[in-house]
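*Asks:* Okay, here's the structure, questions in a sec.
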Amino acid sequence: MLLAIDVGNTNFTVGIYKGDKIEARFRITTKLPRTSDEYGTLMSELIERQGFKVSDISGVIIASVVPGVMYSLTSSLVKYFNKEPLIVGPGTKTGIRIDTANPKEIGPDRIVDAVAAYEIYGGPILVLDFGTATTYDLVTEDGRFTAGITAPGIRISAKALWEGTAKLPEIEIAKPATILAQDTITSMQAGLMFGQIGQTEYIIKQVKKEAGLDSLKVVATGGLGRIISDETSLIDEYNPDLTLEGLRIIYGKNR
């Protein structure tokens, strides 16, 4: 079985694969500093709670945008799982070509998403990831990653509101019933959610226009991606496991 780990700025997302099928998934917060023993113990317990054994894991792959956790994490996998993980980075076979001004600047999470979207849906395709940042990445019909747009994620924007102002409270991130808000909390929710929907639709339209791709397929992933996807007809597919699927695909290409 394959252990696929996506290390994001907010959470680790972990998937357990048996062949091409995802059997279980769980999350671990990224921001708490942990030792290799803590990572190893925690992941072992979570895997066993899903009904599997550590000995069932035959391979591990990681995509990480948080360098500070990698020493402890990789050490835990060697110590507790007896596995040297494949870490997505320069030299990793992906099946797509990074055709940008500086390919090394493209985060491994974005590459993994692009690989999954291209392999599953084909190209040309625009890949949206609603995570800590909201990203939009364009992959051409022949598998070239040619452009990427990065915007603040909804949670970053929300945090800026309540931390950067004296009277605005911390709120639940949710879509209100109407944009015509009449109190502070729903006015903030309306601005955050409808603002994100508007941004998403404008960027999709502009990418299609400038790339000359009116029939461009659009797929979204990420924690808040479903909420946004449900509110616009410009997103064709929502796939919550897109990043984990990309890790599985890349692992297969590098075996």
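No value in this document is a laboratory result; all are computed from the given coordinates. As the structure is a prediction and not an experimental result, all values here were calculated from the model. Quick reminder, even Gly has a Cβ in these numbers, built from the backbone with ideal geometry, and neighbours come from all protein chains shown.
*Asks:* Stick to Cα atoms and the Kirkwood definition of Rh, then tell me Rg/Rh for the chain.
*Replies:* My calculation of the ratio gives 0.99.
*Asks:* Using only DSSP helix segments of four residues or longer, with each worth -39500 (n - 2.57), what per-residue ellipticity at 222 nm results for the chain after dividing by its residue count and rounding to 500?
*Replies:* That comes out to -12000 deg cm²/dmol.
*Asks:* State the dimensionless ratio Rg/Rh of segment 45-98 (Rg: radius of gyration of Cα atoms; Rh: Kirkwood radius).
*Replies:* 1.03
*Asks:* Which of the lysines could a cross-linker span from K175 if the Cα-Cα distance has to be under 17 Å and same-chain partners fewer than 8 positions apart are dropped?
*Replies:* Straight-line reach from K175, under 17 Å: K159.
*Asks:* So for the pair I179, D214, with labels modelled 7 Å out along Cα→Cβ, what separation do we get in nm?
*Replies:* With each label point 7 Å from Cα toward Cβ, the separation is 2.6 nm.
*Asks:* Just to confirm the filter: which GluC sites (Glu not before Pro) across segment 134-222 are DSSP coil and have at most 15 other Cβ within 10 angstrom of their Cβ?
*Replies:* For GluC sites (Glu not before Pro) across segment 134-222 that sit outside H, G, I, E and B with at most 15 neighbouring Cβ atoms in 10 Å, the list reads E141, E170, E172.
*Asks:* Relative to the longest principal axis of the chain, what angle (0 to 90°, nearest 10) does the C-alpha long axis of helix 108-121 take?
*Replies:* 80 degrees
*Asks:* Next question, about the same structure. Order by neighbour count: K31, K159, fewest other Cβ atoms within 10 Å first, most last.
*Replies:* If I rank by nearby Cβ atoms, fewest first, I get K31, K159.
*Asks:* Using a Cα-Cα cut-off of under 20 Å, which lysines could be cross-linked to K205, ignoring same-chain neighbours fewer than 8 residues away?
*Replies:* K217
*Asks:* Note down the nm distance, to one decimal, between modelled labels 7 Å out along Cα→Cβ at T165 and at T41.
*Replies:* 4.3 nm
*Asks:* Can you give me the angle between helix 242-254 and the longest principal axis of the chain, using Cα atoms only, in degrees from 0 to 90, rounded to the nearest 10?
*Replies:* For 242-254 against the chain, the angle is about 40 degrees.
*Asks:* Working from the pairwise distances between different alpha carbons, so that the mean of 1/r is found and then inverted, what is segment 1-107's Kirkwood radius in Å?
*Replies:* Taking every pair of different Cα atoms in segment 1-107, averaging 1/r and inverting gives 14.6 Å.
*Asks:* So who's got an amide H within less than 5 Å of the one on I87, skipping anything under 5 residues away but keeping other chains? H placed 1.01 Å off N, in plane.
*Replies:* Result for I87 returns I62.
*Asks:* Most exposed first by the Cβ proxy, i.e. fewest other Cβ within 10 Å, how do R255, R25 rank?
*Replies:* Fewest-to-most ranking of R255, R25: R255, R25.
*Asks:* In the chain, what % of DSSP beta bridges are antiparallel (nearest 5)?
*Replies:* Bridges in the chain are about 60 percent antiparallel.
*Asks:* Per 0.36 nm of contour for each residue apart, how much would the distance between L32 and Y202 grow if the chain were fully extended, relative to their Cα-Cα spacing?
*Replies:* Length gained between L32 and Y202: 57.6 nm.
*Asks:* Shifting gears a bit: May I ask you to sort T186, T134 by Cβ crowding, counting other Cβ atoms within 10 Å and putting the fewest first?
*Replies:* Least crowded to most crowded, the residues run T186, T134.
*Asks:* Here's a follow-up. Using θ = phi - 60° and the Karplus relation 6.51 cos²θ - 1.76 cosθ + 1.60, list the HN-Hα couplings for segment 78-92 in order, rounded to whole Hz, with x at every Gly or Pro.
*Replies:* Couplings: 5, 6, 9, 10, 6, 10, 8, x, 7, 9, 5, x, x, x, 6 Hz.
*Asks:* So, one more: Just how large is the dipole of the chain about the Cα centre, in debye to the nearest 20, putting +1 at every Lys and Arg Cβ and -1 at every Asp and Glu Cβ?
*Replies:* Using Cβ point charges on Lys, Arg, Asp and Glu, the chain gives about 460 debye.
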